[in-house]
Structure formats: C-alpha cells, structure tokens
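Undergrad: One structure, pasted below without further comment.
The values are calculated or read from the model by the stated rules, or taken from the named source; none is laboratory data. None of these values were measured; they are calculated from a predicted model. Please note: Cβ atoms are built from the backbone with ideal geometry, for glycine as well, and neighbour counts cover all protein chains shown.
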Amino acid sequence: MLLVEERRLDDLEALGPGPCTAGDSKISMDTSESTSDWTPRRSADRAGALDIRRSAVAIALWLGLSALVAACATRPDRAGDAEPRPVDSSEQIAVDGAELFLLTRGADRRAPILLWLHGGPGGAQRPLFQYFVGDLEDDFVVAYWDQRGAGRSFDPEADANLLTIDRHLADLDAIVDHLRRRFGRSDVILVGHSWGGTLGLLYAREHPEKVSTLVGVAPLISAVASQRAARDFVRSEATAHADDDALASLGEIGAPPYDRAEQVVALARLANRYGGVFHRPPNWAEVVVRGLLRGLVTPWEIRLLTRASAVTLDAMADELLGLDLALSVPRVDVPVLFLLGRYDRLVDGRIAVRYLDALRAPSKERIWFEHSAHNVPFEEPERFRETLVRELAPTARTPAVGIRAGYPLPASASLRSSQLRSGPSRPDRSSLPSRTSSRATATSAGLPTEATPGAPLRSMKRSRNAMGPALRANS
C-alpha cells in the first residue's frame, strides 16, 4: 500500500503547479523509518501495531489525495466561482500541412465560445472585428481564426490548388474541435460574415452537434446570383447619375459569371461607389492609425492581407461559381440567425431573405440593420454587439447552449436590452434593427411548425442542446 501511495504522490508532483498548488510547492512524504524508539526487545509486540498504523496512514493519505486531485480537476468548472477567469492566447495550429492562426480572447473563459468566420475567401478581418466589436470579448470567449490562405495563416509557398471548400470545412472542424477540447464544451457559436456565413452553413449541415447557433452576417448564398444583382445595381445607379466612367468600367469587366479575383474586386469597388458595400464608411485613415497603435495589425501585414485575398479568390473562383446554398443546404439542424444590411448590394440581402424563407431549421430569424450595407459589424458596431449579446449570451433564466450549469450572468448583461455601451440609457426603439422571427414550416420529425413572433432566438434552442455533455478541459 505504501508503494502505491508513493507512486500517486509522484504522479501529483509531475503535474506541476495547478489550481490547487501554491507556486512551486509540492506535496511530499518522507518514507524513511525512524529508529529512535526501536529496540530488539519491543520489536516482536510492536511490529504488528506499526504495520497497522502504516496501513491506516497510507489508506487515509490515498483517500485524501484522491479527493484533492478530484477537487483540483473540477475546480475550474465550479458553478459557484464568482471571479472571472480571462483568456488571451494566440496559437499556430498545425492542420494537414498548414499553420492556422487562432487568437482567443475573453474576459471569462467560462463564457460562450463565439468563433468568427471571416469573409473572402481570403479576406482576414480579424483586425477590423477586434477594432469595431472587440467588446464582445466581455460576454463571449471570442476566437478569431485566420482561414487557410488568409491573414497570418497565409503561406506564399503553399500550393494554392489546395484551397478548396472541402479543405476549409476540414480546417474549420479541426478548429472547432480544438476549442471544444480546450474549454470543455460540446458546441460553439459560429458567426460568419459574407463567405464566412457560407462556410458556417455548410459546416452546420455536416456537424450540427458541434454548433449551438449559426449567425450569418450578410451571407453569400449564390455567387452567380450575387454578381448579377451587383452588376444590375451598378448599371442602374451609374445610368441614373450619368456616370460614364462607371459604365465604361462595367463594360470592361464584362457580364457575370466572374472567375478572376480582379473582376470580383472591380465590381465591388463600383458597387461601393454607390453605397452598396459600405453605406456609412468609416474614416479609414483613423482606423488604420488606431489599429496600428493598438497592435491589432502590423505595418508589414497590410500588404500581405491584400495579396492573400487575391491568391485565395483566384484559387477558389471556379468552385464558388458553382455554389448555391438553396440547392446544397436546404436544411440545417441548428438555430439560424441572419443579420442583414438594408443597403447591401454586394451579395444582396434580398437573396439571403429568399433563402432563409425556404430554409428548414429548428428556428430561424432575420434582423435588418437599417443603416448598413454589406459590412454590418463595421457600420453599426454598437447595435451589432448589442444584438449578439441579447440573442446569444446566457441569462439567469435561460442558460446559453453548451454552457455548464451555473455560469454567472456577465457583468455587462444589464446593457443587453436597454442600454448601449456608449449610447443613451434607453435607445430610440425606432432606430433599432427591424426583426422578423419565424420557424420552419416543414413537418419533418423534430422540426417545430410555429413560434411566437419576435421571440428571442435563445428561447428557441433545441432541447437536445440545452446542456450538452461537457468535455474535460485540458488547458
């Protein structure tokens, strides 16, 4: 029994400092025998008693240490923990020949995990997302992932032919599993912008058990349909404004479909001339300067971001042209929320509306942002943040999907419905995004057929996700 106990202690020491250790202190036990009282005359009648005492001590220590180890293992997940446990880490995760960059930040690591899927493909928006809506880290563990071929995951020596939709889906699955293991969760929230919304919907179709909610922000539904709608918009606006230069540029680009990055970028620039990409563009000089000063991006990174976007767009253009979510993703088994800009003419929010109306899902909702075009998070950042916190963050009454029981209400929860962080105590309701809430009308098993109009999305969560089995955190 004593040998077993010594090995148990060795195992504990090998773990190093943990939540139940102080600094470099370790538990130790002296197993040497003291001979101060030992004499041959008393050896016969004391040997048995000593063996009994040794066995009793060993059993007691073994039970005590087992309880201590169990307490240390479960302490990070204790519902009663009141102190926030922040997380701030950057990683390069090796996935099938690539080093994928992942930045994870949050005021409390017990909060819901929100994985940001940037647009493009190839358009890493991590610096912009942090700059405009970084306050989401107060209510979520926000994971900023630079997709393969984008941002800090871009490798100029890599084979661009490997940049495919299937490859991105496999990469996303590796990132999701990494976050689930690290934080001990069963699922994550996916928030995808433009192409990121496409990627999120495709992933949710294949792995609904790993996704608590899919949020599509101006999602790309059909590349060809969006290109045609954008070209029609530019031609109409240019004609109305007698903009001969724009009409000439449109003629040079030609008619869709566009299979080269330069054509896609040129059309986007023309659409932006009439507010179809940014309805209320920010002061970009100020954004760049402040972003550099805050360390969100480095000077040498900016050119690389542009190059990565062009390489990825060229590599994936043909495959994207064949993409139509109305055909490939007619149903997902997760709640869906679309956040759409009223003036979006790059992918055209009306295409997303038609898709969402036909989509079969446990619950679905769309919210219009009345002062935005394609870039909702960067045009109406306060409303964007308030909307996500209101719809997705946990409340005392309704736990967030995938969160352990007893997760404390975030400190900023009082801002959710009545107060914006830097706005009036009660915003004008007429200025808030318009909302349409609905349920799928399909009669398939497990799909609800009606819902209370305007009910928050969190009240429509699937019962199977109310409390998924927690995976053991290993960090």
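Undergrad: Starting from region 328-345, keep only residues that are hydroxyl-bearing (Ser, Thr, Tyr), then list their pairs with residues that are part of a loop (DSSP other than H, G, I, E, B) and surrounded by fewer than 18 Cβ atoms within 10 Å (Cβ to Cβ) whose Cβ atoms are within a distance under 6 Å, requiring at least 6 positions of separation or different chains.
TA: Within 6 Å, the pairs are Tyr343/Gly275.
Undergrad: In region 325-338, is there at least one residue being in a helix (DSSP H, G or I), surrounded by fewer than 17 Cβ atoms within 10 Å (Cβ to Cβ) and touching a Pro at 6+ places or on another chain (Cβ under 9 Å)?
TA: No, region 325-338 contains no residue that is in a helix (DSSP H, G or I), surrounded by fewer than 17 Cβ atoms within 10 Å (Cβ to Cβ) and touching a Pro at 6+ places or on another chain (Cβ under 9 Å).
Undergrad: May I ask you to list the residues in region 281-324 that are under 24 Å from Pro156 (Cα atoms) and of a type in the set (Gly, Ala, Ser)?
TA: Within region 281-324, Gly295, Ala308, Ser309, Ala310, Ala315, Ala317 meet the criteria.
Undergrad: Could you grab the pairs with beta carbons closer than 7 Å, sequence gap of 6+ or different chains, first residue in region 348-372 and of a type in the set (S, T, N, Q), second one modelled with pLDDT of 95 or more and assigned to a helix (DSSP H, G or I)?
TA: That search, which allows pairs on different chains as well, returns Ser372/Glu379.
Undergrad: Can you report the number of residues in region 217-265 which are within 31 Å of the chain's Cα centre (by Cα) and buried (at least 18 other Cβ atoms within 10 Å of the Cβ)?
TA: Here the count works out to 16.
Undergrad: I've got another one for you. Would you check which residues across region 110-128 are modelled with pLDDT under 95 and outside any loop (DSSP other than H, G, I, E, B) and list them?
TA: Arg126, Pro127, Leu128
Undergrad: Tell me which residues, restricted to region 93-108, are within 11 Å of Arg148 (Cβ to Cβ), among the charged types (D, E, K, R) and assigned to a strand (DSSP E or B).
TA: If the condition is that a residue be within 11 Å of Arg148 (Cβ to Cβ), among the charged types (D, E, K, R) and assigned to a strand (DSSP E or B), then Glu99 is the only one that fits.
Undergrad: Hey, any hits in region 148-171 for a residue that's buried (at least 23 other Cβ atoms within 10 Å of the Cβ), under 12 Å from the mean Cα position of the chain (by Cα) and closer than 27 Å to Phe378 by Cα?
TA: Checked against the condition, which is being buried (at least 23 other Cβ atoms within 10 Å of the Cβ), under 12 Å from the mean Cα position of the chain (by Cα) and closer than 27 Å to Phe378 by Cα, region 148-171 yields no hits at all.
Undergrad: Out of region 129-165, which residues are more than 30 Å from Gly322 (Cβ to Cβ), assigned to a loop (DSSP other than H, G, I, E, B) and touching a Gly at 6+ places or on another chain (Cβ under 7 Å)?
TA: Phe140
Undergrad: With a cut-off of at least 1 residues that are touching a strand residue (DSSP E or B) at 6+ places or on another chain (Cβ under 8 Å), name the helices (runs of 4 or more DSSP H) lying wholly within region 217-314.
TA: So the answer is 223-240.
Undergrad: Scan region 195-202 and give yes if some residue there is surrounded by fewer than 24 Cβ atoms within 10 Å (Cβ to Cβ) and either at pLDDT 95 or above or part of a helix (DSSP H, G or I) (or both), otherwise no.
TA: Yes, region 195-202 has at least one match.
Undergrad: Sticking with this structure for a sec: Yes or no: Glu237 free of Cβ contacts under 8 Å to residues at least 24 places away in the same chain and more than 20 Å from Leu337 (Cβ to Cβ)?
TA: Taking the combined requirement at face value, the residue does not satisfy it.
Undergrad: Looking at region 253-296, which of its residues are among the basic types (Lys, Arg) and under 21 Å from Asp314 (Cα atoms)?
TA: Arg260, Arg269
Undergrad: Now for a separate question. Would you tally the residues in region 254-312 being without any contact (Cβ under 8 Å) to a residue 40 or more places away in the chain, more than 18 Å from Ala238 (Cβ to Cβ) and polar (S, T, N, Q)?
TA: Going through region 254-312 one residue at a time, the tally reaches 3.
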